[in-house]
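The structure appears below as structure tokens.
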Amino acid sequence: MATRKSKDQTSFTPPPPIIPEVEHQAVADFARKAYLDYSMYVILDRALPHVADGLKPVQRRIVYAMSELGLGPNAKPKKSARTVGDVIGKFHPHGDTACYDAMVLMAQPFSMRYPLVEGQGNFGSPDDPKEFAAMRYTEAKLSKFAQSLLSELEQGTVDWGQNFDGTLREPKLLPSRLPHVLLNGASGIAVGMATDIPSHNVREVVGACIELLDNPDATIAQLTKHIKGPDFPTEAEIITPLAEIREMYKTGNGSIRQRAKWDVENGDIVISALPFMVSGSKVQQQIAAQMNAKKLPMVEDMRDESDHEDPTRIVLVPRSNRVDLDEVMAHLFATTDLERSYRVNMNMIGLNGRPRLYPLKDLLSEWLEFRIETVRRRLQHRYDHVNARIHILDGYLIAYLNVDEVIRIIRREDEPKPVLMTRFKLSDLQAEAILELKLRYLNKLQEMEIRGEQAKLQAERAELEKVLGSKTRLRKQVRDELEKDGAEFGDRRRSPIVEREAAKALDAAALIPSEPVTVVLSERGWIRAGKGHELDPTTLQYKSGDAFLHAARGRSNQLAVFIDSMGRTYSLPAHELPSAKGHGEPLTAFTSPAPGATFVAVLMGDAEDLWLLATDDGYGFVARLEDLITDRKAGKAVVNVNDGATVLRPQRVTTMETDRVAAATTSGKLLLFEAVELPLLARGKGVQTIKLHKTELFPEKVAGIAVVAADGTLVVQAGKRHTNLKGADLEPYIGKRAQRGLKLPRGFQNVTAVRPWSDREGRTPDQVM
């Protein structure tokens, strides 16, 4: 029989087994540490250059590997694949593509101000720096300038470390004789920081270094007397104001603007230099896109005349000799890559191994500190070598003075070295050197040569002791070497610094070709535009149930202004309207009129043109066309319309002082008054034009309104009939604004429209339409 467990007996779960050598860590702590480790690796070993030699690790390893392969400036180049193989196999365990890309960049004279690699083969072009041949086809060797990084490498100047697998040594830094971090610049994106250092001119940077050596308290103003600004590998102009450049050097960050260089040859624009890293083909594509979009009407043609002698030569042919070339180039500078802005952010790794932002003075001071220490280590290495050599020569002289005894000891003793050391009080080094000495050197002439060498080395040692024992002499040594290297590697400035006005894009209207155009509005509010002023809108085809309403003639670079029955105006660029080859598009696709509103007319002309705006309840005013323009889709309220009233078709006013306004009512009344009696307003209701009888059953309305010249003819339309009134015929109807007017002749009192007639040009556009 099974026994029942007591209540105090509980099940026991054993703890999980403890596995030795397993570290327990919180996920958050592990993730934090892993991210920090990765970020520091990217910052220190990949993205940022070092202030000492100005190189990133991959660049430093490429230069060192090429020197180990014997690929100096006077050597025969070897396949790039050989160099890349050595770099990634011995020093840089990363992908071959990334390594080769870095080497190609160091060989491109349009990417680096002072290339470190001299390439043979296709290493890309300014148009497409990434289009270079594969590493199996190209060859490379170090350039002459690279010797400024390598010439002191084996002279005890820098610390060495193990490579990634511990089988080889590699230098932690290269003993740069010039501030390479400024000369070639750098760019890179790390974790939480980025660097963008522009290139500079050797002579200018050396001058600033000498200034700082002579005067450690030199200001930015004094340093910028030498360093005028960055110096890119292109002859395009730097247009950043000098005050901004000085501020950039003071803080370590800012921006630099560079603009293409251009001249005028036989009336054509010739672009001969592009900004740094700007592709000529891309610039041509940008200009061609504007030409195809008719946004560059002042340029007729573009040609690329670049060749080996002129790597950059883009020719722009203006449409006529009246084109303002400066204005055209200012527009292109503002809208294409002919002008570029470059960010400056001088982040780099300092001598203490930490990244920071360096102002110019701090950068040069820290590099000079490195350079002085490098020279001191080189001189100390040479001093130690001279001392060791003198020590050995002292042993040689003892051997020459006692040559017979030395030979006897060597011949008779089994271990001659300790005997020699005891007999002649020699050091181990001296005794070893004597034992390795060849017998042919044991002659009188060799003794004289050794004494001469000893005297020379003693003099050199004395000079080295003076330099090493004096900070002033050491700084002078650095100064003299900088002057020598500046003369050897320096060249003229390529990128001139020029004060220029800011680029400004042309107004959109100025870029639109000025061509005659006719804008047509249908009764149902469909809009379209046709080329030329010869277009007869009444002959166009309209959708079923639709018909011609109004049209205006103007230029393609003008705005078409529409007005609806509620007094709101809308503006659209004429060149953007649908083509008259089709039925067009509804105007409501471009605007948002109020419910119940219908479009009345379309207006075009100059901004100062005057237009009579009136309503059929007898009010009106004169407005300038520019006051009717708006960019709002919902339009602009211009005319205040009373309930039950509607806007009449606007009429053009030519001259306020001489023009007359003719107003006809539905009861057959006609009144002519001077246009100057109407106010000039930007918006509003206006004043009364003609007095109306307002009855509840049949309220009188204004049937039509027109503007007639003083000697003009007025056409009164009554259904299918019309009559022309001019001269003496109009005299009875002339009065003052807001009067009642006189009755028209019998048969023409049922007025449907009034319009002026032009005897010189036939019917004007608005009169016909």
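Any idea how many residues of the stretch 145-170 are charged (D, E, K, R) and farther than 20 Å from Val84 by Cα?
Number of matching residues: 3.
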query: Just for the stretch 43-54: of the residues that are part of a helix (DSSP H, G or I) and either among the charged types (D, E, K, R) or open to solvent by 70 Å² or more (accessible area, probe 1.4 Å) (or both), which one is modelled with the lowest pLDDT?
result: Asp45
query: Does Val403 satisfy the condition of being more than 58 Å from the chain's Cα centre (by Cα) and either more than 30 Å from Leu48 (Cβ to Cβ) or not aliphatic (A, V, I, L, M) (or both)?
result: yes
field: Close pairs from the stretch 669-684: first among the aromatic types (Phe, Trp, Tyr), partner part of a loop (DSSP other than H, G, I, E, B) and open to solvent by 40 Å² or more (accessible area, probe 1.4 Å), Cβ under 9 Å, at least 6 apart
entry: Phe673/Lys736; Phe673/Arg737; Phe673/Gln739
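Given the structure, is Asp480 open to solvent by less than 80 Å² (accessible area, probe 1.4 Å) and part of a helix (DSSP H, G or I)? Don't jump to the end; show me each part of the working.
Numbers: open to solvent by less than 80 Å² (accessible area, probe 1.4 Å): yes; part of a helix (DSSP H, G or I): yes.
Answer is yes for this residue.
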task: Output the qualifying pairs, or none if there are none: Cβ atoms under 9 angstrom, residues six or more apart or on different chains, first residue in the stretch 150-178 and aromatic (Phe, Trp, Tyr), second residue not in a loop (DSSP other than H, G, I, E, B).
output: Trp160/Arg169; Trp160/Glu170; Trp160/Pro171; Phe164/Lys90; Phe164/Phe91
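Within the stretch 566-576, restricting attention to residues that are modelled with pLDDT of 90 or more and over 17 Å from Pro593 (Cβ atoms), which residue is most open to solvent (accessible area, probe 1.4 Å)?
Among those that are modelled with pLDDT of 90 or more and over 17 Å from Pro593 (Cβ atoms), it is Pro573.
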task: Go through (1) open to solvent by 20 Å² or more (accessible area, probe 1.4 Å); (2) in a strand (DSSP E or B) and name the single condition Trp611 misses.
output: (1)
task: Please identify the pairs in which a residue from the stretch 200-215 that is more than 17 Å from Gly185 (Cα to Cα) and without any contact (Cβ under 8 Å) to a residue 12 or more places away in the chain has its Cβ atom under 8 Å from the Cβ atom of a residue that is open to solvent by 20 Å² or more (accessible area, probe 1.4 Å) and in a helix (DSSP H, G or I), counting only partners at least 6 apart or on another chain.
output: Asn215/Gln222
- prompt: For Asp766, all conditions in the list (1) over 20 Å from Thr646 (Cβ atoms); (2) at pLDDT below 90; (3) outside any loop (DSSP other than H, G, I, E, B); (4) open to solvent by less than 60 Å² (accessible area, probe 1.4 Å) hold save one; what is the number of the exception?
  reply: (1)
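Among the helices (runs of 4 or more DSSP H) lying completely within the stretch 344-448, list those that include at least 3 residues that are open to solvent by 70 Å² or more (accessible area, probe 1.4 Å) and in contact (Cβ under 8 Å) with a residue 12 or more places away in the chain. Give the derivation first.
Values: elements: 360-401, 403-412, 416-424, 428-435.
Answer list for the stretch 344-448: 360-401.
To keep it simple, each residue is scored yes or no on (1) open to solvent by 40 Å² or more (accessible area, probe 1.4 Å); (2) modelled with pLDDT of 95 or more.
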site	(1), (2)
Tyr35	yes, no
Tyr41	yes, no
Lys56	no, no
Met66	no, yes
Pro77	no, yes
Ser80	no, yes
message: Taking the criterion of being within 15 Å of Val661 (Cβ to Cβ) and modelled with pLDDT under 90, would at least one residue in the stretch 712-727 satisfy it?
response: yes
query: Considering the stretch 275-291 alone, what residues qualify as being surrounded by 19 or more Cβ atoms within 10 Å (Cβ to Cβ), under 13 Å from the mean Cα position of the chain (by Cα) and closer than 18 Å to Glu131 by Cα?
result: Phe276, Val278, Val283
- request: For the stretch 292-304, name all the residues that are open to solvent by 60 Å² or more (accessible area, probe 1.4 Å) and free of Cβ contacts under 8 Å to residues at least 24 places away in the same chain.
  value: Asn292, Glu300, Asp301, Arg303
message: Looking at Ile527 and the list (1) closer than 19 Å to Gln651 by Cβ; (2) at pLDDT 95 or above; (3) crowded, with 22+ Cβ neighbours inside 10 Å, which single condition is not satisfied?
response: (1)
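So that you can scan it fast, the table gives a plain yes or no per residue for (1) open to solvent by 60 Å² or more (accessible area, probe 1.4 Å); (2) within 30 Å of Leu681 (Cβ to Cβ); (3) basic (Lys, Arg):
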{"position": "Lys484", "(1), (2), (3)": "yes, no, yes"}
{"position": "Glu499", "(1), (2), (3)": "yes, no, no"}
{"position": "Gln541", "(1), (2), (3)": "yes, no, no"}
{"position": "Ala551", "(1), (2), (3)": "no, yes, no"}
{"position": "Arg555", "(1), (2), (3)": "yes, yes, yes"}
{"position": "Val561", "(1), (2), (3)": "no, yes, no"}
{"position": "Asp564", "(1), (2), (3)": "no, yes, no"}
message: Give me the residue from the stretch 518-529 that is in contact (Cβ under 8 Å) with a residue 60 or more places away in the chain and not in a loop (DSSP other than H, G, I, E, B) and, out of that set, farthest from the chain's Cα centre (by Cα).
response: Ser522
field: Of residues in the stretch 695-717 being part of a loop (DSSP other than H, G, I, E, B), without any contact (Cβ under 8 Å) to a residue 40 or more places away in the chain and not hydroxyl-bearing (Ser, Thr, Tyr), the one farthest from Gly618 (Cα to Cα)
entry: Asp711
- prompt: Restricting to the stretch 654-670, what's the tally of residues that are open to solvent by less than 10 Å² (accessible area, probe 1.4 Å) and either out of contact with any helix residue (DSSP H, G or I) (no Cβ under 6 Å at 6 or more places or on another chain) or of a type in the set (Gly, Ala, Ser) (or both)?
  reply: 5
- request: Can you run down the residue pairs with Cβ atoms below 9 Å, 6 or more apart or on separate chains, where the first is in the stretch 460-474 and under 10 Å from Val386 (Cβ atoms) and open to solvent by 60 Å² or more (accessible area, probe 1.4 Å) and the partner is in a helix (DSSP H, G or I) and of a type in the set (S, T, N, Q)?
  value: Arg461/Asn387
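Mind telling me which of the residues Thr646, Thr630 ends up being open to solvent by less than 60 Å² (accessible area, probe 1.4 Å) and within 20 Å of Gly605 (Cα to Cα)?
Thr630
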field: Residue satisfying condition, being at pLDDT 95 or above and crowded, with 23+ Cβ neighbours inside 10 Å, within set Val639, Val708
entry: Val639
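Let's see how each residue does on (1) open to solvent by less than 30 Å² (accessible area, probe 1.4 Å); (2) part of a loop (DSSP other than H, G, I, E, B):
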{"site": "Val676", "(1), (2)": "no, no"}
{"site": "Ala682", "(1), (2)": "no, yes"}
{"site": "Ile690", "(1), (2)": "yes, yes"}
{"site": "Asn724", "(1), (2)": "no, no"}
task: Output the number of the condition that Val270 fails; it satisfies all remaining conditions of (1) surrounded by fewer than 21 Cβ atoms within 10 Å (Cβ to Cβ); (2) in a helix (DSSP H, G or I); (3) modelled with pLDDT of 95 or more.
output: (2)
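The values are calculated or read from the model by the stated rules, or taken from the named source; none is laboratory data. Just so we're clear, the structure is a prediction, and the values are computed from it rather than from any experiment. No Cβ is skipped: glycine too gets one built from the backbone with ideal geometry, and neighbour counts run over all protein chains shown. Quick note on the areas: whole protein, heavy atoms, side chains included, nothing else; ligands and nucleic acids left out. Shrake-Rupley method; radii C 1.70, N 1.55, O 1.52, S 1.80 Å.
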